[in-house]
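> Supplied in structure tokens, the structure appears directly below.
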Amino acid sequence: MSNRRKIKLTVNGQDYERETETRTTLVDFLRHELDLTGTHVGCEHGVCGACTVLVDGISARGCLMLAVQAAGKKITTVEGLANPDGSLNTLQQAFMDNHGLQCGFCTPGMLTTLTEFLAHNPDPSETEVRIAISGNLCRCTGYQSIVAAALQAARVMREGKS
Amino acid sequence: MKPPPFVYHDPATVPEAVDLLSRLDNALPLAGGQSLMPMLNFRVVAPDHLVDLNRIDALSGIAIAGGVGRFGAMTRQRDLEFSPDVARAFPIMQEALSHVGHRQTRNRGTFGGSLCHLDPSAELLNMTALHDGVLTATSKSGERKIASTEWVQGIMTNALRAGEMLTGIELRAWMPGHGFAFEEFARRHGDFAIAAVGCLVVLDASGTIEKAALCVSGLGPGPARLAGAEKLMAGQRPSHELFRAAAVEAEALDAVDDAFVTAAYRKHLARVLTYRALERAVAGRADRRSAA
């Protein structure tokens, strides 16, 4: 049996078919095969959260999944979050407004994690937001501005729906 | 920090998976991958064959009937966390799961994977022992039931034999309205616990304790039920003196030192957390303690 396999998957709405080594992690596949370098590689053992992507809408560590396991799935990365016209979406705009990023390393994981969280919990408390991002390390902001951004985004999204 | 080469298999059925695991040399099953993938990335393990169980739909599912909860080994921790049926029959489970890693890891991590990996302080291991769990191991020759008391054979060593894989877990549900509490101490939220205690309690109409279950994690290679304390409390009126007396047994358990924490500290924590768990389970307070 070969150690390579051809997989088909959808990333940010676009279909791809690529051959990959079966031991390649999803995050390495996204970065090296698809040139989607928005998703960052940090600790490579599931602690830092920088590589978080959405798999069929559910957040997962891109370093703790093999690319072959994503065959047939719909993946969303940070590149797929913006509005169709390319402008920042509500959550991204809230990060900008609140200085929710400085170096930007943790940002792709923060945004994907909070995208899933806010879809599931549109009216979170500050504590719930802090728990939601407890699996994402940020060494710049002290988290305060990220929490503020998440709460602003939740508020704007709720107002947009009512 | 990349996995070593291996031959990848993704069977669609349990018989195929069992056949691969029994036939191939140096093969490892891959469940949710939230422990095995880091070990592969670190090259702590180097299997020749990786048998991915994620395409076996028959291994996932939750069925609760007749006071027994049956869980497929590949049931995601996320599915336990968000299942209304689990919340009703095993209300402590949500509280315990809030300490398991983070949302992103619970989304992939599985019930059976956690039990097989067997971190000494794993919350789901505590839940299994607390609810008198029975595990089903499947091999080419059929199924074998393993009591949770027999599951832990040593540090990170489970009771599976060569060619066997864990396919299901059964937990015994307690009567509706029972008291429960899960107390854990870790340095950071989502870290492995230094010590953790699960507690279930049933009070009769007069407020007397009918029965109680206590399970301590983090001290030895697996969870420890406090049989003496459970016996001591049955038929007694709840009191701080009673809780203190029960918690003494937690401190008497054998404990291990590691680079960060002494055995004495673990034992102290076990006593304190046992007391707190009892107090909260009896008070029936359902306030979720999400921060460590």
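The values are calculated or read from the model by the stated rules, or taken from the named source; none is laboratory data. Small disclaimer: the values here were computed from a predicted structure and weren't measured. Methodologically, a virtual Cβ is constructed for each residue, glycine included, from the backbone with ideal geometry; neighbour enumeration extends over all protein chains shown.
> Mind checking which pairs have a first residue in the stretch B:187-202 that is away from chain A (no Cβ under 14 Å) and a second that is charged (D, E, K, R) and not in a strand (DSSP E or B), Cβ under 6 Å, 6 or more apart or different chains?
Note: pairs meeting the criteria are B:Ala195/B:Arg266.
> Within the group B:Leu20, B:Leu50, B:Leu59, B:Leu24, which residue is under 26 Å from B:His102 (Cα atoms) and within 13 Å of chain A (Cβ to nearest Cβ)?
B:Leu50 is the lone residue from the list that is under 26 Å from B:His102 (Cα atoms) and within 13 Å of chain A (Cβ to nearest Cβ).
> Looking at the stretch B:70-79, can you tell me whether even one residue there is more than 26 Å from A:Leu64 (Cα to Cα), charged (D, E, K, R) and outside any loop (DSSP other than H, G, I, E, B)?
Yes, the stretch B:70-79 contains at least one residue that is more than 26 Å from A:Leu64 (Cα to Cα), charged (D, E, K, R) and outside any loop (DSSP other than H, G, I, E, B).
> Can you list residue pairs whose Cβ atoms sit under 8 Å apart, with the first residue in the stretch B:4-26 being among the β-branched types (Val, Ile, Thr) and the second being part of a helix (DSSP H, G or I)? Count only pairs 6 or more apart in sequence or on different chains.
Short answer, once both residue conditions are applied: B:Thr13/B:Ala58; B:Val14/B:Ala58; B:Val14/B:Leu59.
> I've got another one for you. Check the stretch A:62-69 and report whether any residue there is in a loop (DSSP other than H, G, I, E, B) and more than 14 Å from chain B (Cβ to nearest Cβ).
no
> Is it true that some residue in the stretch A:95-109 is within 11 Å of another protein chain (Cβ to nearest Cβ), modelled with pLDDT of 95 or more, within 27 Å of A:Gln144 (Cβ to Cβ) and not in a loop (DSSP other than H, G, I, E, B)?
Checking the stretch A:95-109: at least one residue is within 11 Å of another protein chain (Cβ to nearest Cβ), modelled with pLDDT of 95 or more, within 27 Å of A:Gln144 (Cβ to Cβ) and not in a loop (DSSP other than H, G, I, E, B).
> Would you please name the residue that is farthest from the other protein chains (Cβ to nearest Cβ), looking only at residues in the stretch B:1-17 that are in contact with a strand residue (DSSP E or B) (Cβ under 8 Å, 6 or more places away or on another chain) and closer than 21 Å to B:Phe111 by Cβ?
Per the stated criteria, the residue is B:Val14.
> Now for a separate question. Out of the residues in the stretch B:30-47 meeting the condition of being touching a residue at least 60 places away in the same chain (Cβ under 8 Å) and surrounded by 24 or more Cβ atoms within 10 Å (Cβ to Cβ), tell me which one is farthest from the other protein chains (Cβ to nearest Cβ).
B:Ala31
> Next question. Restricted to the stretch B:87-139, and to residues that are within 12 Å of the chain's Cα centre (by Cα), away from chain A (no Cβ under 14 Å) and part of a loop (DSSP other than H, G, I, E, B), which residue is surrounded by the fewest Cβ atoms within 10 Å (Cβ to Cβ)?
Among those residues, the one meeting the criterion is B:Asp132.
> Determine which single condition A:Val41 fails, assuming it passes every other condition in (1) within 14 Å of A:Gly109 (Cβ to Cβ); (2) among the aliphatic types (A, V, I, L, M); (3) part of a strand (DSSP E or B).
Every condition holds for A:Val41 apart from (3).
> Using beta carbons and a limit of 8 Å, which pairs, at least six apart or on different chains, have the first residue in the stretch A:121-133 and within 18 Å of A:Val47 (Cα to Cα) and the second one among the polar types (S, T, N, Q)?
From the stretch A:121-133, the pairs are A:Ile131/B:Ser98; A:Ile131/B:Ser290; A:Ala132/A:Thr113; A:Ala132/A:Asn121; A:Ile133/A:Thr113.
> Here is a further query. Spot the failing condition for A:Pro84; the list is (1) away from chain B (no Cβ under 12 Å); (2) farther than 19 Å from A:Val47 by Cβ; (3) in a helix (DSSP H, G or I), and only one is missed.
Here A:Pro84 clears every test but (3).
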